[in-house]
Structure formats: C-alpha cells, structure tokens
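Worksheet: one structure, shown below.
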C-alpha cells in the first residue's frame, strides 16, 4: 500500500469547507469518494488526511493531503486518474509516493495564507467569490507597518473565533506583508506561520483594514494581542477573500 | 417620464442568458423586476430594453439597456438605488438621462466582444466559469494572422448557429485581434463589429483555435466564409469564455 501525498487547488465557493460533515458537500468527502472508487471501494474506506481544515468559501492554491492506496500507480497517472473523476472546482496538481512516516497534518510545519481585498464603490461581480469587498479608503503602507506587530510568537487569544478546539493559542508568525497586486488591482495580505487558529487570518485582516482606514491607531495590534480578549478585535473578514497558498514539510 | 440609459456588468454563470424566459433566472428579468419595484410596480410594467441578447453563461463588462422611469431621479442616485437591490452578479456602473430618441438596441452601431482561453493540462478551478480551457498547444501569431481574414463585410452563414432568426447573415467586422494576456496568462480574442450573429464569436474562436493548433491550414478562414455552410466550421467554443465588452452609439 504506497502512501500518496497530493497537492491540490480548490475554489471553495461551493463547498461547506474541507472537513467531512453529514449531508454537506465538502472537499475531504469529495476526495475520499474518488480515491475509494478508484480503489474499488474497500472496507473499511481509505481515509484522506488533509494538512488542516479550511472553512466554507475559503480557497486553496496548494493544499496537501495524504492517503494509502492499495495499488501501485505511477505518480503522473494518479494525478490524471484523480482529475478525471473530480469536479472542476478541485484540481490535483501533483501526486508523490512518500514514506509511511509522512503525515499531511502532523508533519506540516509552515503554512502560507493570502487574503485578497477589492476596493471600489460596488462589488465586482467577477470577483465577488474570490475577494472581500471593502469600499472605504485604506493606507497600504500603514497596514504593512502595523502587520509587523503580528510577526513573532504570541498568544493569539484575541484573534481566535469561538468554537476553536485548540489547546493553546500560542502561534508563531514568521512573515506578514500587505501589498497592492497591480495585475488584479487588489490589496493582498500574506502571512506565513507555524499554524493558524480558527478564523485567525480573517480576524487579523479585519483589524488591519480598520487600522488602514484610520478607525484604529497604528499601534493597536500590540494592544489587542496583549489584551488576550476576542472582544478587542471584533470583526472577521469574509471567507471569500482567503486562500491557503501552500504548506511546508520537513525535507 | 425620463429615459435612462444604463451601463452594467454581469457574471453570466448563474443566468439562463439575457432574454426573459419563463421560470428562468435571466438578466432582463432581474433588471425589470428591480426597476418596476422602484417605480412602485406600475401596470403595464416598464420594459427594460437591452442592446442585444447574450447566451447562458456569457458575461458582460459594459452591457447597455434603457427604460422609461416615472420619477425624476438623479443619475448617481439611480445607480445606487439599482445596485442596492440587484444581486451581486449584476452591477450597474453608470446611469444617464437620455433623449427619448435613444434606443439601446436600434441605435447600437458597434459591439466589442472578448473571448478568454486558458491553457494547461487541467482546468483552472478559479477560472472555469470565466474562460474556456484548451489544452492543446496553439500558435498565437498564426491565429492573429488568420483572424484578419474575418475583417471586412462578409456573409457569415458558415458562422451562425441553427436557431438564429437573423434576416441577413451579412455583417461587418472592423477589427480582430488575438493576443496573450500576461497578467492572467490567458489567450484573448477580440472582435469589433456592427453586430454578431447567434454564436458567431464562439464559432469564429473555435475555428481560430483549430488553425492555431495546426488542425486546419492558415488560410482556412477564407474558404469557410466562401462556403456559406455551417458544417464547415463545426465547433462552438463554450459560453464561459465570452464577454460583451462594450456597445457604441452615435453621439
């Protein structure tokens, strides 16, 4: 039973998130169904283990998962076989045969998330599912500066949604940046960390937008982190703007 | 009763096309419902006249329509009022009070269409509704050259889908170009003409792709036009890649 690591993208718009839930269309269930059909529906069913969950409406450019497969199929053929059965809103970009020690969730040590914001008076109909819309003026340089206060190892209790099952709220952010994407005329927030809490990126982005718009002072990130109180951050940016960009593993 | 000319964009993915059809979600019906609600539902209902139809799945960047409205509302307020009631896949960009002689369909004398094609082995999940996917290699310079044979006044009988109700198949194409869009890494076809027949742009694009891929000789456009026979062109590119870019009117 070789173990396959797959790297895949999805448009999260029509999924109720990554994780299997009864009577919902989820990414995990969609992959699991295809993998098990290809494996002639073994009993018990083969699980597909993702690097972590994404919420309903959240996208991925290079999400990672692994599964054990009963037949030895060349990597390129595995990619083609999966894509020929998956719906068009998921695409497998790569499949690799990996040692049994590889685990998509436990071995993930770094994740990169991107958040896209479109400005303008009205929602762009072509980007409504792929960005957040924010019509108030913002100062990108200010947000870039404020974002640096998120970098480092902090207790992110102020940035976690209720419903999180994390044992600890301490996480490390290695990199944070805010820039203007000229090609799409969108504001992009990017974060690299060793892991993120439930809704953490969306709460951080909402806070940075309030700073960029002048509703909060430039140094408010430090205060909110120190408060360890979810009431301090308040807003959550919508799922549609969020992308899991990639997941890093030890070599 | 001032007459309003409106310019609007839509994501055609979830519409059964522009024209009103029973039990279908169409752009014309969606606009008509909002305009009549704003006008306190007069009897008979106010019609909304578009510059022309677009098919199910076809998009528009600057479609034009007109309607007569019982109240005198400033142009900016009309834009805001319409957008506050329209679904997010239609956005009104401009409203202008125009003379009663203006007619969105009869006075339209030029239309620009764009067609987007994405290459790559697999469909891009984020562009699946906004481009066509063509996985075979194509020579853009060759398509650009072949497209010039479409320019001019021709009988486009070979390029009209069955079901067209046009009295004449003679149309004039003023401009045709094929280029690579670096920002989105897509191939773009663009046509300006005095009007286009049912499915004409999609049939022209399919033919040009076959030339670009070497399945047809470079000079095949001339032969197909001369044949006046729909069987010669055969393929129709999918609706998802097509955009009505703008409509020109006499000053």
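Read-outs: derived from the displayed coordinates by stated rules, not from any lab. The structure displayed is predicted, hence computed values, not measured ones. Reconstructed Cβ throughout: ideal geometry from the backbone, glycine too, with neighbour counts over all protein chains shown.
Working from label points 7 Å from Cα in the Cα-to-Cβ sense, the residue B:76 to residue A:71 distance is 6.6 nm. Give the nm distances, rounded to one decimal, from residue B:248 to the matching residue in every other copy, measuring between label points 7 Å along Cα toward the beta carbon; shortest first. Relative to the other copies, residue B:248 has label-point distances of 5.3 nm.
For residue A:97 and residue A:121, what does the FRET efficiency come to when R0 = 51 Å and r is the distance between their Cβ atoms, rounded to the nearest 0.05?
Numbers: r = 51 Å, r/R0 = 1.01.
Calculated value: 0.50.
I'd like the antiparallel share, as a percent to the nearest 5, of DSSP beta bridges with both residues in the protein assembly as shown. Before the final figure, lay out the partial values.
Numbers: 86 of 94 bridges.
Bridges in the protein assembly as shown that DSSP calls antiparallel: roughly 90 percent.
With the convex hull drawn around the C-alpha atoms of chain A, the volume per residue stands at 140 Å³.
For residue A:135 and residue A:229 in one chain, what is 0.36 nm times their gap in residues minus the Cα-Cα distance, to one decimal in nm? Numbers along the way, then the final one.
Numbers: separation 94, 0.36 × 94 = 33.84 nm, distance 2.77 nm.
Additional length available on full extension: 31.1 nm.
Position residue B:170: other-copy label points at 8.3 nm, ordered by increasing distance, label point 7 Å along Cα→C-beta. Structure remark: mean-square fluctuation, Gaussian network model of chain A, C-alpha springs under 10 Å; the largest value among A:176, A:146, A:166 belongs to A:166.
Mind running the shape call on the stretch A:125-181? Use the C-alpha gyration tensor, a ≥ b ≥ c as the square roots of the eigenvalues: rounded below 1.5 for a/c, prolate if a/b tops b/c, oblate otherwise.
Values: a/c = 2.61, a/b = 1.43, b/c = 1.83.
Verdict is oblate for the stretch A:125-181.
Ordering B:28, A:121, B:96 from the fewest to the most neighbouring beta carbons within 10 Å gives A:121, B:96, B:28. What separates the Cα centres of the stretch B:82-127 and the stretch A:58-98 is a distance of 37 Å. Working from Cα pairs under 8 Å separated by at least six residues, relative contact order for chain B is 24 percent. A Gaussian network model of chain B, with springs between Cα atoms under 10 Å, assigns the largest mean-square fluctuation among B:191, B:126, B:15 to B:126.
So for the stretch B:111-249, what percent of the C-alpha to C-alpha distances run longer than 27 Å?
Summing the P(r) tail past 27 Å for the stretch B:111-249 gives 14 percent.
What's the FRET efficiency of residue B:144 with residue B:84 using the Cβ-Cβ distance as r and R₀ = 45 Å, to the nearest 0.05? Don't skip to the answer; put the middle values down first.
Working: r = 43 Å, r/R0 = 0.96.
Efficiency at R0 = 45 Å is approximately 0.55.
Comparing A:155, A:72, A:11 in a Gaussian network model of chain A (Cα springs below 10 Å), the most mobile by mean-square fluctuation is A:72. For the stretch A:110-249, the relative contact order works out to 38 percent when only alpha carbon pairs closer than 8 Å and six or more residues apart are counted.
Quick one: order B:240, A:77, A:158, B:164 by neighbouring beta-carbon count within 10 Å, fewest to most. Could you put the intermediate results ahead of the total?
Numbers: B:240 21, A:77 10, A:158 24, B:164 14.
Lowest to highest Cβ neighbour count: A:77, B:164, B:240, A:158.
What value, in deg cm²/dmol to 500, does the helix sum -39500 (n - 2.57) over DSSP H runs of n ≥ 4 give at 222 nm once divided by the residues of chain A?
Working: 5 runs with 52 residues, N = 251.
Estimated from H runs of four or more residues: -6000 deg cm²/dmol.
Just to confirm the number: angle between the C-alpha axis of helix A:200-212 and the first principal axis of chain A, 0 to 90 degrees, nearest 10? So the inclination is approximately 30 degrees. Look at A:38, A:235 and count the other Cβ atoms within 10 Å of each Cβ; fewest to most, that gives A:235, A:38. Does anything in the stretch A:190-229 have its amide N under 16 Å from the 7 Å Cα→Cβ label point of residue A:155, and if so which residues? Output list for this probe position: A:222-229. Position residue A:217: other-copy label points at 7.8 nm, ordered by increasing distance, label point 7 Å along Cα→C-beta.
For the stretch B:3-98, the Cα gyration tensor yields ellipsoid semi-axes of 20, 15, 11 Å (square root of five times each eigenvalue, largest first, whole Å). In the stretch B:72-165, inverting the average of 1/r over every pair of distinct C-alpha atoms gives 18.5 Å as the Kirkwood radius.
Distance from the axis that maps chain B onto chain A is least for the Cβ of the chain B residue given, with the whole Å value, as B:183, 2.
Normalised by the number of residues in the stretch B:3-98, the average gap of Cα pairs under 8 Å and 6 or more apart makes the relative contact order 45 percent. Fraction of C-alpha pairs exceeding 39 angstrom in the protein assembly as shown: 37 percent, rounded to a whole number.
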